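A short worksheet on the structure shown next.
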Amino acid sequence: MSTDPETAPGPEAGMDPNAFRDREDRISTLWMERLRAYLAANRDDDVATVMEPLHAADVGDVLESLDADERLHLVRLLGDRFDYSALTEVDESVRMELMDELANAEIARGVAGLDSDDAVAILEDLEQEDRDEVLAKLPTFERLSLKRSLDFPDDSAGRRMQTDFIAIPPFWTVGQTIDYLRSEPDLPDEFYQIYVVDASYQVLGTLPLDKFLRAQRATSIEALMNTNFVLVDANEDQEEAARDFERYDLVEVGVVDESKRLVGVLTIDDIVDVIHEEADEDIKLLAGVGDEDISDTTIDTVRSRVPWLVVNLFTAVGVSFVIGLFGATIDQMVALAVLMPIVASMGGNAGTQTMTVTVRALAMRELDGRRLRRLIGREVIVGFVNGVIFAILIGLVTWLRFNDMQLGIVIALAMVINLIVAGTAGILIPLMLDKFKADPAIASAVFVTTITDVVGFFAFLGIAGLWFGLF
């Protein structure tokens, strides 16, 4: 790979801003070669030129594509021209790695111009001592605003909110408000509605921009505002806030503190990130890989995966004990050893299907009393029907393969039993874990798989032993 900017592919090779991504929407290899050549030659102006047109999300992709030392070199070479909001678009491991290498003065300079929610996302990853040092270097108002957001719990609406919003009194007119918006230099970069508040900043109403812009200048804000509005508590979990956005089709919502005073706003772009993060987290937890990212080191990845593999090892040992109880039975009829994984495997897959539906329903708070009873009844019936269908199929296959109709009947009965148990376990285990305040997404898979394995082996080998008189 060339590291000479003069010999690296130039604009004629497609190095205009539109060529940042290739036809498959990946970062262009030619573009990355040119960037790396500029970095190697310390050509800061050329680096700034190719980076300047990029959105913060694209800059995040570039950072993740570079090696660790190249990332740090890029940030330092750009200096004041580096957009620190790009650090909110990268994996946590990449962000923390960069933050560990950057001086607190550099971080303070970088976050000073960010929206409050982006600044909080960066600062919350710092150690408390470093965080305090960075905050101390910021202007007083900005420091107090960020510190207030950081005082709210992790993954709460208060951590996600922007502290810049527009609040006006109810006795203003539309004309006065327009004049204020035109003359005020410190307005939020983007906003979707105006908040009407009293002297203590308690929300009296909201005013969407579409309604506001259609009104006459002499119209009173109090007469125009919506009094039926949704607010989110700053201490509320971000997942609950996201659910409010989904339920009420919101694009922006006010965030209030324990005194019901308006302290910030959540916007739809924040909530899209929350929905993505929560879904990503649940998928990883179902697989037992914690908060692992593709950028994690080998050691971090091993550390993330080992705990649940240890749990799986112990449950597998338990299953082996069940098989060991029927050792003599298996010795007398070798066909049982060939067939018994089929029953356990089908039960495990069926249980996982039910478990996934249940964990999602719990996460979405969809299981009230009536729906819960309906879901349990449905899954038991589905388990029975699927059991009968696959019992017939595997029974016929076994009969034809081993020329033994009785063996086909035995595995068919075991299949029906295990699929009914799988459906029942797939719903009851997540419900029990949720009742005991454990995260169903984390532990359900291990327990459901263990139960279906134990029941599958026990049912098949037990029925076979009784049927053929092998005990």
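The values are calculated or read from the model by the stated rules, or taken from the named source; none is laboratory data. Here the structure is a predicted model, which means the values were calculated and not measured. For neighbour counting, all protein chains shown are included, and Cβ atoms are generated from backbone atoms with ideal geometry for every residue, glycine included. Surface accessibility is based on the protein's heavy atoms, side chains included, excluding ligands, DNA and RNA. Shrake-Rupley method; radii C 1.70, N 1.55, O 1.52, S 1.80 Å.
In region 321-344, of all residues being assigned to a loop (DSSP other than H, G, I, E, B) and touching a helix residue (DSSP H, G or I) at 6+ places or on another chain (Cβ under 8 Å), the one that is surrounded by the most Cβ atoms within 10 Å (Cβ to Cβ) corresponds to Phe326. Taken over region 423-447, the criterion of being under 20 Å from the mean Cα position of the chain (by Cα) and of a type in the set (A, V, I, L, M, F, W, C) is satisfied by Ala438, Ala441, Ile442, Ala443, Ala445. Can you pull out every residue in region 200-219 that is touching a residue at least 12 places away in the same chain (Cβ under 8 Å) and either surrounded by fewer than 14 Cβ atoms within 10 Å (Cβ to Cβ) or assigned to a loop (DSSP other than H, G, I, E, B) (or both)? Ser200, Tyr201, Gln202, Leu209, Ala215, Gln216, Arg217, Ala218, Thr219 - these are the residues of region 200-219 that are touching a residue at least 12 places away in the same chain (Cβ under 8 Å) and either surrounded by fewer than 14 Cβ atoms within 10 Å (Cβ to Cβ) or assigned to a loop (DSSP other than H, G, I, E, B) (or both). Filtered by the rule that a residue be in contact (Cβ under 8 Å) with a residue 24 or more places away in the chain and not charged (D, E, K, R), region 177-198 gives Thr177, Ile178, Pro188, Phe191, Tyr192, Gln193, Ile194, Tyr195, Val196, Val197. Tell me, yes or no, whether region 375-389 has at least one residue that is open to solvent by less than 60 Å² (accessible area, probe 1.4 Å), touching an Asp or Glu at 6+ places or on another chain (Cβ under 8 Å) and modelled with pLDDT of 90 or more. Checking region 375-389: not a single residue is open to solvent by less than 60 Å² (accessible area, probe 1.4 Å), touching an Asp or Glu at 6+ places or on another chain (Cβ under 8 Å) and modelled with pLDDT of 90 or more. On the given criteria, is Asp61 in contact with a Gly (Cβ under 9 Å, 6 or more places away or on another chain), open to solvent by 40 Å² or more (accessible area, probe 1.4 Å) and under 21 Å from Glu101 (Cβ atoms)? No; evaluated as a whole, the condition is false for this residue. Taking the criterion of being open to solvent by 20 Å² or more (accessible area, probe 1.4 Å) and either hydrophobic (A, V, I, L, M, F, W, C) or in a helix (DSSP H, G or I) (or both), the residues of region 151-162 that qualify are Asp151, Arg159, Arg160. Out of Gly469, Gly456, one residue alone is of a type in the set (Gly, Ala, Ser) and assigned to a helix (DSSP H, G or I). It is Gly456. Only one entry in Phe229, Phe171 is surrounded by 13 or more Cβ atoms within 10 Å (Cβ to Cβ), among the aromatic types (Phe, Trp, Tyr) and touching a residue at least 24 places away in the same chain (Cβ under 8 Å), namely Phe229. Criterion first (in contact (Cβ under 8 Å) with a residue 24 or more places away in the chain, at negative phi, buried (at least 19 other Cβ atoms within 10 Å of the Cβ) and of a type outside the set (Asp, Glu)) does Leu123 satisfy it? So Leu123 passes the test. In this structure, does Arg148 turn out to be of a type in the set (Lys, Arg), within 30 Å of the chain's Cα centre (by Cα) and open to solvent by less than 80 Å² (accessible area, probe 1.4 Å)? Here the answer is no, as Arg148 does not meet what is asked. Only a single criterion out of (1) among the aromatic types (Phe, Trp, Tyr); (2) open to solvent by 40 Å² or more (accessible area, probe 1.4 Å); (3) at pLDDT 90 or above is not satisfied by Phe468, namely (3).
This table checks each residue for (1) farther than 30 Å from Ile392 by Cα; (2) modelled with pLDDT of 90 or more; (3) of a type in the set (Asp, Glu).
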residue	(1), (2), (3)
Val253	yes, yes, no
Ile275	yes, no, no
Glu281	yes, no, yes
Pro307	yes, no, no
Leu325	no, no, no
Ser345	no, yes, no
Asn349	no, yes, no
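Looking at Glu239, Glu246, just one residue is open to solvent by 80 Å² or more (accessible area, probe 1.4 Å) and under 30 Å from His276 (Cβ atoms), and that residue is Glu246.
Please verify whether region 405-412 includes one or more residues that are surrounded by fewer than 20 Cβ atoms within 10 Å (Cβ to Cβ), within 36 Å of the chain's Cα centre (by Cα) and either at positive phi or assigned to a helix (DSSP H, G or I) (or both).
No - not one qualifying residue is present in region 405-412.
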